[in-house]
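Please read the structure below before turning to the comments.
Bear in mind that the values in this text are calculations on the coordinates, not laboratory data. Remember, it's a predicted structure, so these values are computed and weren't measured experimentally. All Cβ positions, even for glycine, are placed from backbone atoms using ideal geometry, and neighbour counts span all protein chains on display.
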Amino acid sequence: MAKKNAAWTVMVYLAGDNNLSTECMFALTEMKQANIGKHVNVIAQFDPSDPHLPTHRYVIQKRGKNKGFRHDIIDQACYFDDGEIKFGKESACAQTLAADRKRERDLRLATWSEAYLTGSPQREPLNIYDTDSGSPVTLYNFISFCLQEYPADHYIVVLSGHAAGTERDYLMKDESSACSLTFNEMKRVFERVRKDLGRPLDIVGMDTCLMSMAEICYELRGSAEIVVGCESFSPASGWPYREVLERLADDFVNPRLQPEESVVEAAAKAIVKEYVNYYSNYWIAGLSVTQSALNVCKVEKLHEVINELAGRMEKQLIAEANATPPNGGGRRFQDALLLAHWEAQSYNGEQFVDLFDFCDCLQTRLGEGAIAEQCQVVKDFLESEFVLASCYSGAIYQYSYGVSLYFPWSYVALSYWNLDFVKEAQGSGWGSFLKTYTLLTRRAPRGMDAKSKLAQALNDRIANSLSSEPVDDEHKSLYRMGIDRMGIDRTNTGAARNYIHSMRNPPNVFFPDECIRKRKSALLTQEMLRLR
């Protein structure tokens, strides 16, 4: 018999084989306590950090809210004869792909003795329980299983673990395997899920840090309708699952909406508000949070308006550089651009910037002209079409409007060029602007000997950039001089030392966002504590 659809199936992928393992258990506890009824399926997969415990799957409240966790566990991972670590019950789609992978592995093994003069390489010891949460196979198998076994009218996939925006080697980090998802792997997983489902997922939730980025949404185009996540660092405790699931069950199983309203969009907005209200009192402990819902269906248009802005800015930077001597006067636009970048809301060691706030700061300084006009176009598009909801609490991230963009000061990470957001611009757009920006805004060396080979190489590099010619092999080594000294402040290189994570000189008070239900109370508490 065909299974009857639930209203929602929520799939929570808990990548806890790292320092977030206890926080993942807290998330499961919160899910267990929620009053979700029978029309919302909640399935979780948890990879704990204990090397002696298997990765396991839960159907939350499978045998009731008052039963222990062991009653909710439905399967656990183990090593199988086909050479993979997986669960006893996998979807038909996952089994087909596993068979294909086995054939490919057998073919490669057959040629190893010819490739290695000393014989086939020894296999590493295998933990028969431990999945790799950073593997696209593990993620796909979980989602595929949920889609097959728990059909619903609407689907939410939540990725819970480590992430760092466009920073590589961090998404769903697994310490045992020392692996993580690449963005190409993430994209391929969700493309395959869309193929299996026959349509995009309704909501992809990022219970992680720094993932509400234009570039991340672009990777998910066509595979998800809405992304819910934060521009900033996320508290270790993550999403308030009890509140989110109860809101979903109470308001969006049989929703009372206007005919033109989308239940998926309304649910995404509700998740944003529940998250920010949950943390609304934590500003007293110094915590600031953001959360937003982004319309991935409109991300290709966002790509266009950003690239148009980037092209205009790059053209003006080059025009000023050609018209004035190095470090000379008359670079009005470059000065305005640097100050706007300096002032705008930023994240992750000033590697990312809030797109709306940057455009607003730049437009204010320019006043008028083609670039200011395009800034307004970007702002209008974000407000009216792309950002469905954006909320904040606390002082540090109060100039967050929903979506961020990679905007480093001095060095563009090599991994950035692998993103579709850059590749599909075909040498123009935001990536090209970043190359020009980091080159032309760099200060000249003190006491430079104009007759030296080094000075000539520097001048040639600038000339090549201004003429849009590629840098020749002789001078490619000069790119190594652009080492990013702010790297120690980024998430994957020492978050504990990350003092530069907001604006250069952020405000130390805030006026509560309209999303906060107890706005007046938060304001009065600030006045009581600060005005003494």
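Values as computed for the structure displayed
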read-out: Cysteines, the chain, no other Cys beta-carbon under 4.7 Å; value: 24, 78, 93, 146, 179, 209, 217, 230, 297, 361
read-out: Distance (nanometres) between label positions extended 7 Å along Cα→Cβ at residue 69 and residue 254; value: 3.5 nm
read-out: Trypsin sites (Lys or Arg not before Pro) lying in DSSP loop within segment 33-81, provided at most 11 other Cβ fall within 10 Å; value: 38, 63, 65
read-out: Packing rank of 153-159, 74-80, 172-178, where each peptide gets the mean count of other beta carbons within 10 Å, highest leading; value: 153-159, 172-178, 74-80
read-out: Protection proxy ranking, peptides 195-202, 25-32, 504-511, average beta carbon neighbours within 10 Å, highest first; value: 25-32, 195-202, 504-511
read-out: Shape call, segment 160-234: gyration tensor on alpha carbons, a/c limit 1.5; value: oblate
read-out: For the chain, with +1 on Lys and Arg beta carbons and -1 on Asp and Glu, the positive-most of 232, 258, 69 along the dipole; value: 69
read-out: Shape call, the chain: gyration tensor on alpha carbons, a/c limit 1.5; value: oblate
read-out: Debye, to nearest 20: dipole size of the chain, +1 on Lys, Arg Cβ, -1 on Asp, Glu Cβ; value: 780 debye
read-out: Peptides ranked, highest mean first, by Cβ atoms within 10 Å: ranges 41-53, 440-452, 361-373; value: 41-53, 361-373, 440-452
read-out: Sites residue 285 and residue 373, calculated FRET efficiency, Cβ-Cβ separation with R0 51 Å, nearest 0.05; value: 0.75
read-out: Expected 222 nm ellipticity per residue - DSSP helices of 4 or more, -39500 (n - 2.57), all of the chain, to 500; value: -12000 deg cm²/dmol
read-out: Three-way shape call for segment 381-427 based on the alpha-carbon gyration tensor, with the a/c threshold at 1.5; value: oblate
read-out: Size of electric dipole in segment 365-470: Cβ of Lys, Arg +1 and of Asp, Glu -1, about Cα centre, debye, nearest 20; value: 740 debye
read-out: Efficiency of FRET between residue 414 and residue 508 - r from beta-carbon atoms, R0 56 angstrom, step 0.05; value: 0.95
read-out: Long pairs among 4/301; 269/520; 32/102; 86/173, criterion Cα-Cα beyond 26 Å; value: 4/301; 32/102
read-out: Within segment 319-387: Cβ-based charge dipole about Cα centre, in debye rounded to nearest 20 (Lys, Arg +1; Asp, Glu -1); value: 340 debye
